[in-house]
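Only one structure is covered here, and it is reproduced in the block below.
Read-outs throughout are calculated quantities, based only on the coordinates presented, and are distinct from any laboratory measurement. Treat the numbers as computed from the prediction; the structure is a model and nothing was measured. Please note: Cβ atoms are built from the backbone with ideal geometry, for glycine as well, and neighbour counts cover all protein chains shown.
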Amino acid sequence: MTGATLWVGGSFLLFQNTSTTPVETPKRELVLLINRGLSPTEISKTLFEYGIISDARKFFWAGKLEKRWNRVKAGEYRFDSSMTPSKIFQILE
């Protein structure tokens with residue numbers, strides 16, 4: 001778990017119309033500390049491992065295609081399962 005510290009978990013769905021659609025699960029929360037130097041692949045895998053997103057590869061490629069990874073900043077972030085993947089990126093920026 002290089003460069004990330006996590007507490008609690010949630011779930012999200014991604015891709016084709018999913019940038020506006022959260023996964024339908026009971027609301028859960030996550031606080032994530034992203035350290036400087038953590039790669040987009042590591043961030044995607046970490047979010048997947050803790051149930052924040054449903055597919056790490058789709059999340060990674062959505063960020064790449066939308067040119068959002070270069071805007072992600074190190075810091076502490078709070079997510080919950082009602083957020084869409086698009087909202088996750090807004091928070092990470």
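Where in the range 26-61 does the amide nitrogen come within less than 16 Å of the point 7 Å from the Cα of Ser82, taken along Cα to Cβ?
What the label zone holds, given the 16 Å backbone N cut-off, is 26-30.
For a paramagnetic label modelled at 7 Å from the Cα of Lys73 toward its Cβ, which residues of the range 28-57 fall within the zone defined by backbone nitrogen distances under 20 Å?
What the label zone holds, given the 20 Å backbone N cut-off, is 31-40, 43-44.
Contour minus end-to-end for Glu29 and Glu49, with contour as 0.36 nm per residue of separation and end-to-end as the Cα-Cα distance? Before the final figure, lay out the partial values.
Details: separation 20, 0.36 × 20 = 7.20 nm, distance 1.41 nm.
Result for the pair: 5.8 nm of gain on full extension.
Run the reach check for Lys45 against aspartates and glutamates, Cα to Cα strictly under 13 Å, same-chain hits fewer than 8 apart removed. What comes back?
Those aspartates and glutamates meeting the cut-off are Asp55.
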